[in-house]
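**Student:** I'd like to ask you about the structure that follows.
The values are calculated or read from the model by the stated rules, or taken from the named source; none is laboratory data. Source: prediction; values computed, not measured. Backbone-built Cβ (ideal geometry, glycine too); neighbour counts: all protein chains shown.
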């Protein structure tokens, strides 16, 4: 009789449970929601492209009936990491020129190498290589600035990774545009093609104030606002950038951009290392998001951005890897989280500067808000896009565990990422990418490496 009653109860619960596509459960769920809720023995239910519910495993199991389960009792679930500034296709230039100042790196190596090598095929394979690395290390969204961004978008969709993708506008002939006007035409067609895509947010990306004329910067803003898309730009990356502009125009880059109206609309400013207190006030007033790139800023000796001050002002500051060609040679967001926290402690001489929970927020919800997608991604909440990762807690570097946020920032690594889900779709399972052919990509990257090395040797 007891067995019969138990069977009836099970059937009743099953019938009352709502259907969903997937339930992911783990030892912890790190939600990064408004209260920074941390759920022990938690789970996330996914329906289609969105999160249906977040709660304890018992709550989710009672309320939802999944088509598939992914149980990770020795792991945690976290929002997918958000890379707020990179140049994905430059993965094929990885390590081409190191230990240089930014202007030397750009003018003597990168710009010439790009002129000789960048084609749609180069961008396709470089973005595949970058996407493979990003997905395996837990990045589910990347913010890109490069050429042939329509190709970048095609690869992002192939890989199943989310992209905020900016077509570059720059003041000299490049691979996909002979003039800034041509680049703006290219950008508009790109925006029109992808403006309603569930994975791709198209954007306009004027390179910087020192590589663009005022009119081209304003035209880029006009185009971005016409389609309500973001504008991405490098801002105050080096002391030289600031000093050169001030000598010519008695303004900082932020002041110039504001005077031209370029900050009037969704804007993501990469670096912001040398922003003055007045600049920071303008960034706050205009609602500009900032992409902080600690590895790049340290490697190029550009300086240390005033991250704590910007965060205290209410400016949304995310994290980025920058391009892997000298400014940073990888796409490892776990490394950026760790370095961001340590760099602020060092430069402020304060071990309490940028604590772990806030550092992890910069890679998730703060990053989402910085790129204008805070309502869609960056935290595990009902109704948001189902972008999440599982991270192994059984590895030697993961035990013992006293504080989840401390472990995420200072102990766990990209190699601890086990599974990755983007837009409700599993793209990495058990450390293996399901959407990209890793062997073919690495083989092609080696081919490109040999050809690029020859082209650089001819120049230098």
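**Student:** Being more than 20 Å from the chain's Cα centre (by Cα) and surrounded by fewer than 17 Cβ atoms within 10 Å (Cβ to Cβ) narrows it down to one of 185, 169, 174, so name that one. If you could, list the steps in order and put the result at the bottom.
**Tutor:** Numbers: 169 fails: surrounded by fewer than 17 Cβ atoms within 10 Å (Cβ to Cβ); 174 fails: surrounded by fewer than 17 Cβ atoms within 10 Å (Cβ to Cβ).
Every option except 185 fails the conditions.
**Student:** Among 403, 419, 387, 437, which is more than 21 Å from the chain's Cα centre (by Cα) and within 18 Å of residue 30 (Cα to Cα)? If you could, list the steps in order and put the result at the bottom.
**Tutor:** Working: 419 fails: more than 21 Å from the chain's Cα centre (by Cα); 387 fails: more than 21 Å from the chain's Cα centre (by Cα); 437 fails: within 18 Å of residue 30 (Cα to Cα).
Exactly one residue qualifies, and that residue is 403.
**Student:** Looking at residue 96, is it modelled with pLDDT under 95 and part of a helix (DSSP H, G or I)? Show your work before the answer.
**Tutor:** Numbers: modelled with pLDDT under 95: yes; part of a helix (DSSP H, G or I): no.
Spelling it out, it is not the case that residue 96 is modelled with pLDDT under 95 and part of a helix (DSSP H, G or I).
**Student:** Moving on. Do any residues in region 430-449 that are outside the structural domain of residue 393 (by TED's automatic domain parsing) have Cβ atoms under 8 Å from those of residues that are surrounded by fewer than 15 Cβ atoms within 10 Å (Cβ to Cβ), where the two are at least six apart or on different chains, and which pairs are they?
**Tutor:** Matching pairs, first to second residue: 435/158; 436/158.
**Student:** Determine which member of the set 404, 409, 399 is in contact with a helix residue (DSSP H, G or I) (Cβ under 6 Å, 6 or more places away or on another chain) and outside the structural domain of residue 113 (by TED's automatic domain parsing). If you could, list the steps in order and put the result at the bottom.
**Tutor:** Values: 404 fails: in contact with a helix residue (DSSP H, G or I) (Cβ under 6 Å, 6 or more places away or on another chain); 399 fails: in contact with a helix residue (DSSP H, G or I) (Cβ under 6 Å, 6 or more places away or on another chain).
Just a single option satisfies the conditions, and that option is 409.
**Student:** Still on this structure, I have one more. Does residue 309 meet the test of being more than 20 Å from residue 241 (Cα to Cα) and free of Cβ contacts under 8 Å to residues at least 40 places away in the same chain?
**Tutor:** Values: more than 20 Å from residue 241 (Cα to Cα): yes; free of Cβ contacts under 8 Å to residues at least 40 places away in the same chain: yes.
Here the answer is yes, as residue 309 does meet what is asked.
**Student:** Does residue 75 meet the test of being assigned by TED's automatic domain parsing to the domain that holds residue 209, in contact with a strand residue (DSSP E or B) (Cβ under 6 Å, 6 or more places away or on another chain) and surrounded by 24 or more Cβ atoms within 10 Å (Cβ to Cβ)? Steps first, please.
**Tutor:** Values: assigned by TED's automatic domain parsing to the domain that holds residue 209: no; in contact with a strand residue (DSSP E or B) (Cβ under 6 Å, 6 or more places away or on another chain): yes; surrounded by 24 or more Cβ atoms within 10 Å (Cβ to Cβ): yes.
Taking the combined requirement at face value, the residue does not satisfy it.
**Student:** Considering region 235-265 alone, what residues qualify as being in contact (Cβ under 8 Å) with a residue 60 or more places away in the chain and in contact with a strand residue (DSSP E or B) (Cβ under 7 Å, 6 or more places away or on another chain)?
**Tutor:** Step one: filter region 235-265 for residues in contact (Cβ under 8 Å) with a residue 60 or more places away in the chain, giving 237-240.
237, the sole residue that qualifies.
**Student:** Follow-up question, since we're still on this one. Could you list, in sequence order, the residues of region 224-248 that are within 23 Å of the chain's Cα centre (by Cα), at negative phi and surrounded by 17 or more Cβ atoms within 10 Å (Cβ to Cβ)?
**Tutor:** Pass one, region 224-248, residues within 23 Å of the chain's Cα centre (by Cα): 224-225, 227-238.
After this cut, where a residue has to be at negative phi as well, the list is 224-225, 227, 229-235, 237-238.
224, 229, 230, 231, 232, 233, 234, 235, 237, 238 - these are the residues of region 224-248 that are within 23 Å of the chain's Cα centre (by Cα), at negative phi and surrounded by 17 or more Cβ atoms within 10 Å (Cβ to Cβ).
**Student:** Check 351, 294, 253 and return the single one that is closer than 25 Å to residue 398 by Cα, more than 21 Å from the chain's Cα centre (by Cα) and in the same structural domain as residue 243 (by TED's automatic domain parsing). Let's see the steps before the verdict.
**Tutor:** On the way: 294 fails: more than 21 Å from the chain's Cα centre (by Cα); 253 fails: closer than 25 Å to residue 398 by Cα.
When all the criteria are applied, what remains is 351.
**Student:** Right, next: Suppose we filter 441, 389, 421 for residues that are in contact with a helix residue (DSSP H, G or I) (Cβ under 9 Å, 6 or more places away or on another chain) and buried (at least 19 other Cβ atoms within 10 Å of the Cβ); which single one remains? Let's see the steps before the verdict.
**Tutor:** On the way: 389 fails: in contact with a helix residue (DSSP H, G or I) (Cβ under 9 Å, 6 or more places away or on another chain); 421 fails: in contact with a helix residue (DSSP H, G or I) (Cβ under 9 Å, 6 or more places away or on another chain).
Unique residue meeting the criteria: 441.
**Student:** Here's another thing I want to ask about it. Being assigned to a helix (DSSP H, G or I), in contact with a helix residue (DSSP H, G or I) (Cβ under 8 Å, 6 or more places away or on another chain), assigned by TED's automatic domain parsing to the domain that holds residue 276 and under 25 Å from residue 83 (Cβ atoms) narrows it down to one of 187, 208, so name that one. First the steps, then the outcome.
**Tutor:** On the way: 208 fails: assigned to a helix (DSSP H, G or I).
187 is the lone residue from the list that is assigned to a helix (DSSP H, G or I), in contact with a helix residue (DSSP H, G or I) (Cβ under 8 Å, 6 or more places away or on another chain), assigned by TED's automatic domain parsing to the domain that holds residue 276 and under 25 Å from residue 83 (Cβ atoms).
**Student:** Does at least one position in region 359-367 carry a residue that is in a loop (DSSP other than H, G, I, E, B), buried (at least 24 other Cβ atoms within 10 Å of the Cβ) and in contact (Cβ under 8 Å) with a residue 12 or more places away in the chain? Give the steps one after another, and end with the answer.
**Tutor:** Here is the first cut: in region 359-367, the residues in a loop (DSSP other than H, G, I, E, B) are 363-364.
With buried (at least 24 other Cβ atoms within 10 Å of the Cβ) added as a condition, the list becomes 363-364.
Within this subset, residues satisfying the condition of being in contact (Cβ under 8 Å) with a residue 12 or more places away in the chain are 363-364.
Scanning region 359-367, I find at least one residue that is in a loop (DSSP other than H, G, I, E, B), buried (at least 24 other Cβ atoms within 10 Å of the Cβ) and in contact (Cβ under 8 Å) with a residue 12 or more places away in the chain, so the answer is yes.
**Student:** Only one of 77, 82 is out of contact with any helix residue (DSSP H, G or I) (no Cβ under 9 Å at 6 or more places or on another chain) and assigned to a strand (DSSP E or B). Can you tell me which?
**Tutor:** Testing whether each residue is out of contact with any helix residue (DSSP H, G or I) (no Cβ under 9 Å at 6 or more places or on another chain) and assigned to a strand (DSSP E or B) leaves just 77.
**Student:** Sticking with this structure for a sec: Within the bounds of region 226-236, is there any residue that is assigned to a helix (DSSP H, G or I) and in the same structural domain as residue 189 (by TED's automatic domain parsing)? Walk me through it before giving the result.
**Tutor:** Residues of region 226-236 that are assigned to a helix (DSSP H, G or I), as a first pass: 226-227.
Right, trim to in the same structural domain as residue 189 (by TED's automatic domain parsing) and you get 226-227.
Yes, region 226-236 contains a residue that is assigned to a helix (DSSP H, G or I) and in the same structural domain as residue 189 (by TED's automatic domain parsing).
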